[in-house]
Structure formats: C-alpha cells, structure tokens
Amino acid sequence: MASDSDYTSGYVVADGVRTHYLEAGRDNDETVVLLHGGEFGGAAEVTWGRTIPALASEYHVLAPDAVGFGDTEKRYDFTDQFDFRVRHLRAFCETLCVDSAHFVGNSMGGGDILSALCESEPPLPVEKAVSVSGGGGIPVGFEELLESFDCSESAMHEFLDDLYYEQWWDETHLQRRLELARVPGQWQAIVAGTLDPPFEQDPPTRRETDYESVDRPVLLVAGADDELKPRSWMEDLFERLADGNPDARFELLEDCGHCAQLERPGRFERLLLDFLAD
C-alpha cells in the first residue's frame, strides 16, 4: 500500500456531503479522477493508493471516497442511489474547479463512469474513460455476498479470495479493509440496496445503459480469472461499447481477478499511461 507521503488527504463539501479525497500532482495540467469499487472496505486509499504515484508525475490526480464509503459522509438515496453518487461526484468536480478530466474506475466506479456516458448529456466532464472490471450490471454473486457478509476477519479473508486471483495481499491489507468496512454507517450504506419492503412496490426507475451510444475514448480492462465479472461478461460489454466507437479498446490481463490495478500494477499502469497519452 502506498504511503501517505505519495498523496495528500483533504475534505470538501460537495452536494451537501462532507467528502474525503486524496490528491497528488497538483502542478500538472491534466486531471485524472480515480473512482473506487463498491465492496466492503472499498475506498480510494485501498483501491488506488498503489496507482497514484505512477500517475502523479504527469497528471493532477484526485481520488474521492464515494458517498457512503471510506471517510466520506454515510448517506443512501433509496429513490436512485446511482444518480445520487453521480450528482455528488459532479459536485465534487465543480467544487475543485475540474471542468475536464480523464475518469478511471474499478468495479462500481468503472460502471458508474460508463453509465454516466450513456446519458444524452453526460453529467460528468469525461475526456477519456477507463473501466477496470466495471459495467454491465451487478457482479456475479454480489447480492448474496452483501446479505451474508458479517464484517468478521474470516468473512473478509473469504471475500478477498474471491476478489483477487491469488493471495498477493498481506495481513496489513486485510486489516485495513476490515477497518474501513467497520466505519460507522458504511455497512448500512452498502446493504441498504438489498432491503425489500414487505409489500408490493414498483422498483426505482433505472436508466437504460445504452453502451452503444458512448462516444468517448474508452479502455476496458478485464481480469482473465475474475470471478465477479467473468471474461465472457467483459467481452460482451466491450462488443457493445465498440459498436460504432473506433476509440474503444479492450485489454485482458492473465492471472488477474477483479482489481488489475492491485494485482498486476506494472502492466496496468503501462496500459493506463499509454491510453491517456495517446
């Protein structure tokens, strides 16, 4: 895990939400916004701490904790949590005077970027988009995991075994994720979406994810051994993104699970920097 000296930590109020974020490379002209996943223990620090130093030599890097995660305020919108997250992210960018940026997301973060780009008027100021194992719907078995996860050490160990291809991580990584998963309100913010009322109710309105309409340059990164977003799933997603979009690219990393930036950092960083510079 990267050290605190690789980035600074700060807070702003965005869309009325006290928001924690990491920042590096402030003197660089172009901005990269990094979005983490939606798993227990998810936060900018554990998802992107290793990647920030590689980007900060050339880019201004911002990595916020999404609403409900990490050290950002814990809230949930039962009407449309996706819209709430994106609106909060847009406000975060506006607060920090970011009117154009490259967006890179893992899992939930990547899915949110792609879904936002499906809008006729995308709500985020995206120049280029990178999604790492994100998009196409809820990961395989994730709802069952949400219902059974009890924030115990054994449950986190089992989850990390599903998240990663092999056990590259150590006890420090496990304990930090466990600490973040136990932050007051985070467990509730994550499982809130699984709550069903004891009566019939129309589900919240969901947007159509018309991936064929995405016209920004997109890099889709998949792990060949990802159990949550299998290879075939990501290949199908890429076919939809590439339909009519010559600027869509696909990279499959062998011996890799759901988090290429953590499991194959050298390979991922080269892909990312080449894509952003092209």
Gap separating the Cα centres of region 213-278 and region 1-75, nearest whole Å: 21
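Using DSSP to define loop residues, name the chymotrypsin sites (Phe, Trp or Tyr not before Pro) in region 41-85 whose beta-carbon has at most 12 other beta-carbon atoms within 10 Å. Mind showing how you got there, number by number?
Details: sites: Trp48, Tyr59, Phe69, Tyr76, Phe78, Phe82, Phe84; in loops: Tyr59, Phe69, Tyr76, Phe78.
Filter output for region 41-85: Phe78.
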Near the amide H of Thr31, under 5 Å away, which other amide H atoms are found, from residues 5 or more places off or on another chain, if H is placed in the peptide plane? His60, His102
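For the chain, the longest stretch holding no trypsin sites (Lys or Arg not before Pro) located in a DSSP loop with at most 13 other Cβ atoms within 10 Å is which? Show your work: numbers first, answer last.
On the way: sites that count: Arg26, Arg182, Arg206, Arg207.
Of all site-free stretches, the longest is 27-181.
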Apply the Karplus curve 6.51 cos²θ - 1.76 cosθ + 1.60, θ = phi - 60°, to the phi angles in region 248-254 and return the couplings in whole Hz, x for Gly and Pro. 9, 10, 9, 10, 10, 9, 6
Go through region 65-82 residue by residue and turn each phi into a ³J(HN,Hα) via Karplus (6.51, -1.76, 1.60, θ = phi - 60°); whole Hz please, and just put x for glycine and proline. 7, 4, 4, x, 10, x, 9, 7, 3, 9, 9, 9, 10, 6, 7, 6, 5, 4
Assigned charges on the beta-carbon of Lys, Arg, Asp, Glu; the chain dipole about Cα centre (debye): 600
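Calculate how large, on average over all directions, the projected area of the Cα convex hull of region 82-124 is; give the answer in nm² to one decimal.
Working: hull surface 11.5 nm².
Its Cα hull, projected and averaged over all orientations, spans 2.9 nm².
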Taking a probe of 1.4 Å and leaving out DNA, RNA and ligands, region 126-170 shows per residue an accessible area in Å² of 47
If amide H atoms are modeled at 1.01 Å from N in the peptide plane, then the residues at a separation of 5 or more from Val130, or on another chain, having amide H under 5 Å from its own are Phe103, Val104, Gly105, Leu219
Let me understand the chain better: what is its radius of gyration from the alpha carbons, and its Dmax, in angstrom? 17.4, 55
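At most 10 other Cβ atoms within 10 Å plus a DSSP loop assignment makes a site exposed; report the longest stretch of the chain without any exposed GluC sites (Glu not before Pro). Walk me through the intermediate numbers first.
Details: sites that count: Glu200, Glu208, Glu254.
Result for the longest clean stretch: 1-199.
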In terms of modelled amide H atoms, which long-range or inter-chain residues lie less than 5 Å from the amide H of Ala14? Thr19
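The values are calculated or read from the model by the stated rules, or taken from the named source; none is laboratory data. What you see is a predicted model; the values in this text were computed from it and never measured. Neighbour counts run over all protein chains shown; Cβ positions are idealised from the backbone, glycine included. Only protein heavy atoms, including side chains, enter the accessible area calculation; ligands, DNA and RNA are left aside. Shrake-Rupley method; radii C 1.70, N 1.55, O 1.52, S 1.80 Å.
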